[in-house]
Structure formats: structure tokens, C-alpha cells
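One structure is given here, and the rest of the page talks about it.
The values are calculated or read from the model by the stated rules, or taken from the named source; none is laboratory data. What you see is a predicted model; the values in this text were computed from it and never measured. Cβ coordinates were reconstructed from backbone atoms using ideal geometry, including for glycine residues, and neighbour counts include every protein chain displayed.
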Amino acid sequence: MLFFLFNSFDVQGGVNLVYQDDVSYASDAVNVYPVLEVKYILREWLQPYLGISGDMQQNSLQGFLQENPLLAPQADLRHTNQCFVFYGGARGDVVEQVNWHAGFSVGKYQNLHCLVNSDQDLGRFDIQYDSSATLLNTFGELTHTNRAETLTTRLRGDHFRYTLQELPKPWHRPRYQLDLLSTYRLHDKFMFRGVMYWIGGLEAQNAMTKAPVVLDDVVDVGLGIEYLFNSRFSIFFDCQNLLARKNERHLHYPARGFHGMLGLTYAW
């Protein structure tokens, strides 16, 4: 990766070379992607940028199970080739301690995955792929950080538009999403978190008729607290779905009401 400054321009460029051993679905063993970003430092309140990149997204069984634990046996696992992503936007400071960020990205994907209900068991999910998908993402974001840098609040909105070659719909993928996240650090020992998200525009496929099914919007509010014993070890407690809504993120997926989770983290 090369970096250089020219007057008010900040330029980064290079090549992303990826080797992967999954060549069963028309993916090359070695993939080369361009990496280039040009940023113009115009003012503190306006810094536009443009760029292009690409990568091989490594998909694993663990990652799919985190997305949906009710994955059907013998799931079809493939990596997603992010052939290229062209992106642009701008960021800057609105006022002191408040900054903004808005932009877009257009990406071409090979083997973009979607989850659908299994024909054999409606409570299980199969993975379907589109071999040539285009994703347009537009977003806007506001972030506030206090002077002591102990409190950070971020509000972000995203809109997604899919153009698919093989799949009729981007099953279970949102068309729009709104996230509000706030974190507060107390004496470098306690970390408090609050999160709210709203996901909409979800469509699923009826396993029997293959017709699209429009799902209700998903709204969730959660709180969490974490105590850091040291830089490696911590204990946390998270509460989710404080509104006790019967959110159906996936069709026929058993919705859970209010629930909490107690856990430990350790890094080495």
C-alpha cells in the first residue's frame, strides 16, 4: 500500500492479493483487487473522498450460524467474491464534538448469499446464492463525542438496493436500516452500552408456493454493562428486546421476547 500527500489531496493506492482454496464455484484460486482512495481535505467541515476496492469475503459455518442458528444440515458454503466496490462520500465536523459522514457504495458480488426456508423443514434455513449481484448502499451518519471522550453516540441510516441475476428477491436482506448506539466509559473500568435498531423492507420466500412474503419491520432496544478487570479479562451482562416485541427477523423463526445474557471475555 502506498500513501502520499499532494497539496490538499491524500492518496492511498495498492493491490489486494487474495489466495483461497474454494475454486468449486468459478472462483479463481488467486484473485487480484485494486485498492485506491483519494481524499480532498477542503475544510474541517467538508472532506470529500472517492475510492475503489475489492476482496474475497470468507464465509464460514460459524458465521452463518451467528446470522441464523437454525441453518439446515449440509448447508452449501461458498465464499463471496467482492469483485469490486466503487465508493464515495464526504465527512466533516458539524460543530465541535459532532461530526457527520455521508456517502454511497456500488459493489459487484459473485455468490452473494440469501437465506430461505427449507422445503424439507420450514423451521430450518437453506443458503441460496446469486452469481452476479449488484448492491447499491447509501448512508448518512452523525457522531457525537464529549470532551472527555467517555461518551460516544452514533446515529446511522442505510438504504440498500439489490440488482440480482438469478434470485427473484434478496431474501431476508433489509432494504433500509436505522441504528442508534451510545457507549459510556466510567473510570476505565465500567462500559455502559445502549442500542436501538430498526430494520425494514424484509421479504421472505414461501417454501411451498415460492411467492414473496413481506415481513414486519424489526425494532429492538438493548442495554448492556461490562466490567473490565484488566486489558484481557472482563464480565458483561446484556439485555435485548426491552420492548418485548415479537420480532420475526426470518420467516417462521421463533421470536424471542425480552432476554438477557451474562458472559465472560478473555483475550490473549
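The figures follow:
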read-out: Subset of region 182-197 [buried (at least 16 other Cβ atoms within 10 Å of the Cβ) and of a type in the set (A, V, I, L, M, F, W, C)]; value: Met191, Val195, Met196
read-out: So Arg91, is it touching a residue at least 40 places away in the same chain (Cβ under 8 Å), among the charged types (D, E, K, R), crowded, with 17+ Cβ neighbours inside 10 Å and farther than 23 Å from Asp130 by Cβ; value: yes
read-out: Residue check for Gly107: within 17 Å of Arg161 (Cα to Cα), of a type outside the set (A, V, I, L, M, F, W, C) and within 18 Å of the chain's Cα centre (by Cα); value: yes
read-out: Count - residues of region 222-265 that are among the aromatic types (Phe, Trp, Tyr), surrounded by fewer than 16 Cβ atoms within 10 Å (Cβ to Cβ) and either in contact (Cβ under 8 Å) with a residue 12 or more places away in the chain or in contact with a strand residue (DSSP E or B) (Cβ under 7 Å, 6 or more places away or on another chain) (or both); value: 4
read-out: Selection status of Phe190, under 28 Å from Phe229 (Cα atoms) and in contact with a Phe, Trp or Tyr (Cβ under 9 Å, 6 or more places away or on another chain); value: yes
read-out: Condition check for Asn206: modelled with pLDDT under 95, surrounded by fewer than 15 Cβ atoms within 10 Å (Cβ to Cβ), more than 25 Å from Cys114 (Cα to Cα) and more than 23 Å from the chain's Cα centre (by Cα); value: no
read-out: Asn81 assigned to a strand (DSSP E or B), at pLDDT below 90 and within 17 Å of Ser132 (Cα to Cα); value: no
read-out: Residue list for region 84-123, filter: part of a strand (DSSP E or B) and hydroxyl-bearing (Ser, Thr, Tyr); value: Tyr87, Ser105, Tyr109
read-out: Top-ranked residue of region 148-181 - restricted to ones that are touching a Pro at 6+ places or on another chain (Cβ under 7 Å) and part of a strand (DSSP E or B), ranked as surrounded by the fewest Cβ atoms within 10 Å (Cβ to Cβ); value: Phe160
read-out: The lone exception for Ser118 - which of (1) surrounded by 15 or more Cβ atoms within 10 Å (Cβ to Cβ); (2) modelled with pLDDT of 95 or more; (3) over 28 Å from Ser53 (Cβ atoms) it fails; value: (2)
